Amino acid sequence: MTESSAPLEANEATRKTGSAHAAEPFDELLPATRRALSHRLGTAQAEGRAPSLVGAVVREGRTVWTDARGSVGDREPGADTQYRIGSITKTFTAVLVLRLRDEGLLDLADPLDKHLPGTGVGEVTVAQLLTHTSGLASESPGPWWERTPGTLRPELSDVLGEEPLRHPSGRVHHYSNPGYTLLGSLVEAVRGASWETVLRREVLEPLGMARTSVQPLPPYADGWAVHPWADVLLREPLEDLGLMAPAGQLWSTAQDLGRWARFLAQGDERVLRPESVAEMRRPAAAPDSETWDAGYGLGLQLVRRDGRTLVGHTGSLPGFLAALWVSVEDGVAGVALANTTSGLMVGGFAADLVRIVAEREPGMPAPWQPMAEADPELLALTGPWYWGPAPFALRLAAGRALELVPLAGPGRASRFRPAADGTWTGLDGYYAGETLRVVRGDTGSVSHLDLGSFVFTREPYEASAPVPGGFALGGWGPARSVTGESGG
């Protein structure tokens, strides 16, 4: 068994505040927390009958705990032992596609045919492929693609088959491995280089993920199947997935996935800006029910567990199980890697690692600090505003940002970033993407706020304001009919 504290480069608390005076990260977990994590790992490995299991916890961008149980060959695994991560690979492919979008080389609404013609499913959009709403089949036709060589599927037509669609495009979430094969081929077509080359050059090298690779690099774990009724093993074949690689080919380590967890929580301008990574984390596909506990963003799985939202992905290939979950709100991530085909609930185990740390050692908030300076005109905008009779408060944040929050009961809250033309753009909630502007009267004084055509005034239904202002029906007072007569 091993435990380590391996510092990584970034500090999430500093990133949140943009200040060198932000709260320092916790360098060490409490002994009782480490004991609880190791006990959970040992229980998972024993009950799941996994030849080996590695776990890691990342807090505020730093790997603060790793441990392992079992063996790989004649040695004990560790945070630097490679395991196959299966569909966690999809999160890397999605980042490559978002990079193309941010560079203006494609739009997520583009049909596939615009960039990768001749597939036979060119009407599906890039966004639909990312979110598994394209309607494509879950698997490739023919022999089980995860356990057979990729040479059996040398062309995209072999991956898709004669009837690739199972549902109308854009209607339902239907997980599709061939969909991510198409995204990998899309990256190759736009970049003019192989998916592997683009991934290494644009993501792995900038993030220092030298132990994440398409082919295994020693030390790595062998993949095993465990007999369901006896404690004996069967070695699983190690196959190169060929064209299907962007859906599940990668190998990685607990330490490298800790770096990836940090990236999924905060972004990295060298790879993908924080705003685009946040976009990936938002639900993009309609959930199966109103009380959803699982969803999908742009290449990321989302689950709600233990009262918190986790983003990341699980992965499996014959001989391997993997999971990576990040709680952005808690600043905690859990990583799990095992070399068994089935039997271990690796996603639940990784989620438990997050829960144990978040509940036992909740993060400290960054200390409050006053703004260095504030525009008097913006200060004058703060305070109560009314949408009709509903009270809201407008707050000023650093960098001329604004926040609108309801003051009584539920309401539409949103944050706004300033634009060069003197307006603000909504970042989240109902007003995401909508424009907030300050409207002034003939004298130059502020008349009202216009938020996507909704008028906010300093007084409820202020008479001088435009729609819905004015007192055409008599103004405030006791209840009365329009004609001035009581009903009856």
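The values are calculated or read from the model by the stated rules, or taken from the named source; none is laboratory data. Fair warning: this is a prediction, and the values are worked out from it, not measured in the lab. Cβ: placed from backbone, ideal geometry, glycine included. Neighbour counts: every protein chain shown.
Couple of notes before you dig in:
- Of all residues in the range 394-408 being part of a strand (DSSP E or B) and without any contact (Cβ under 8 Å) to a residue 40 or more places away in the chain, the one that is nearest to VAL438 (Cα to Cα): LEU402
- Among the criteria (1) touching a residue at least 60 places away in the same chain (Cβ under 8 Å); (2) acidic (Asp, Glu); (3) within 19 Å of PRO178 (Cβ to Cβ), the one ASP113 does not fulfil is (1).
- Taking the range 138-171 as the range and being hydroxyl-bearing (Ser, Thr, Tyr) and in contact with a His (Cβ under 9 Å, 6 or more places away or on another chain) as the test, only SER138 passes.
- Residue in the range 223-247 that is surrounded by the most Cβ atoms within 10 Å (Cβ to Cβ), counting only those that are in contact with a Pro (Cβ under 9 Å, 6 or more places away or on another chain) and not in a loop (DSSP other than H, G, I, E, B): ALA247
- Restricting the range 243-284 to residues that are β-branched (Val, Ile, Thr) and closer than 30 Å to PRO218 by Cα, the residue that is nearest to the chain's Cα centre (by Cα): VAL271
- The lone exception for VAL72 - which of (1) modelled with pLDDT under 95; (2) under 27 Å from the mean Cα position of the chain (by Cα) it fails: (2)
- Against the list (1) without any contact (Cβ under 8 Å) to a residue 12 or more places away in the chain; (2) part of a helix (DSSP H, G or I), the condition PRO143 fails is (2).
- Complete set of residues in the range 77-100 that are charged (D, E, K, R), over 13 Å from TRP260 (Cβ atoms) and in contact with a Leu (Cβ under 9 Å, 6 or more places away or on another chain): ARG84, ARG99
- Put simply, of LEU344, LEU298, LEU324 the only residue that is within 12 Å of the chain's Cα centre (by Cα), in contact (Cβ under 8 Å) with a residue 24 or more places away in the chain and within 19 Å of ALA221 (Cβ to Cβ) is LEU324.
- Scanning the range 358-377 for residues that are buried (at least 17 other Cβ atoms within 10 Å of the Cβ) and in a helix (DSSP H, G or I) yields one hit, ALA358.
- If the condition is being surrounded by fewer than 13 Cβ atoms within 10 Å (Cβ to Cβ) and either outside the structural domain of THR382 (by TED's automatic domain parsing) or over 21 Å from GLY411 (Cα atoms) (or both), then the range 435-460 contributes ARG440, GLY441, ASP442, THR443, GLY444, SER445.
- For ASP107, the test of being in contact with a Lys or Arg (Cβ under 7 Å, 6 or more places away or on another chain), without any contact (Cβ under 8 Å) to a residue 24 or more places away in the chain, assigned by TED's automatic domain parsing to the domain that holds GLY312 and not small (Gly, Ala, Ser) is passed.
- Residue match in the range 319-336 (condition: in contact with a strand residue (DSSP E or B) (Cβ under 9 Å, 6 or more places away or on another chain) and assigned to a helix (DSSP H, G or I)): no
- Close pairs (8 angstrom Cβ cut-off, 6 or more residues apart or separate chains): touching a residue at least 40 places away in the same chain (Cβ under 8 Å) and in a loop (DSSP other than H, G, I, E, B) in the range 378-393, surrounded by 13 or more Cβ atoms within 10 Å (Cβ to Cβ) and β-branched (Val, Ile, Thr) anywhere: ALA380/VAL446; LEU381/VAL438; LEU381/VAL446
- For TYR220, the criteria (1) crowded, with 18+ Cβ neighbours inside 10 Å; (2) touching a Gly at 6+ places or on another chain (Cβ under 9 Å) hold in every case but one, which is (2).
- ARG355 vs. criteria buried (at least 16 other Cβ atoms within 10 Å of the Cβ), more than 23 Å from ALA465 (Cα to Cα), among the basic types (Lys, Arg) and touching a strand residue (DSSP E or B) at 6+ places or on another chain (Cβ under 7 Å): no
- Looking only at the range 260-294, and only at residues there that are part of a strand (DSSP E or B) and modelled with pLDDT of 90 or more, the one that is surrounded by the most Cβ atoms within 10 Å (Cβ to Cβ): LEU272
- Filtered residue count, the range 409-447, keeping only those that are in a loop (DSSP other than H, G, I, E, B), more than 24 Å from PRO466 (Cα to Cα) and either touching a strand residue (DSSP E or B) at 6+ places or on another chain (Cβ under 7 Å) or among the β-branched types (Val, Ile, Thr) (or both): 3
- Flag if GLY388 is of a type outside the set (A, V, I, L, M, F, W, C) and within 30 Å of TRP224 (Cα to Cα): no
- Residues in the range 109-140 that are out of contact with any Phe, Trp or Tyr (no Cβ under 9 Å at 6 or more places or on another chain) and either within 12 Å of MET244 (Cβ to Cβ) or in a loop (DSSP other than H, G, I, E, B) (or both): 16 in all.
- Residue in the range 131-145 that is assigned by TED's automatic domain parsing to the domain that holds ASP113, surrounded by fewer than 24 Cβ atoms within 10 Å (Cβ to Cβ) and β-branched (Val, Ile, Thr) present: no
- Long-range neighbours under 8 Å by Cβ, at least six apart or interchain, first residue at pLDDT 65 or above within the range 459-482, second basic (Lys, Arg): GLY474/ARG480
- Filter result (closer than 14 Å to VAL335 by Cβ and within 18 Å of the chain's Cα centre (by Cα)) within the range 75-100: ILE85, GLY86, ILE88, THR91
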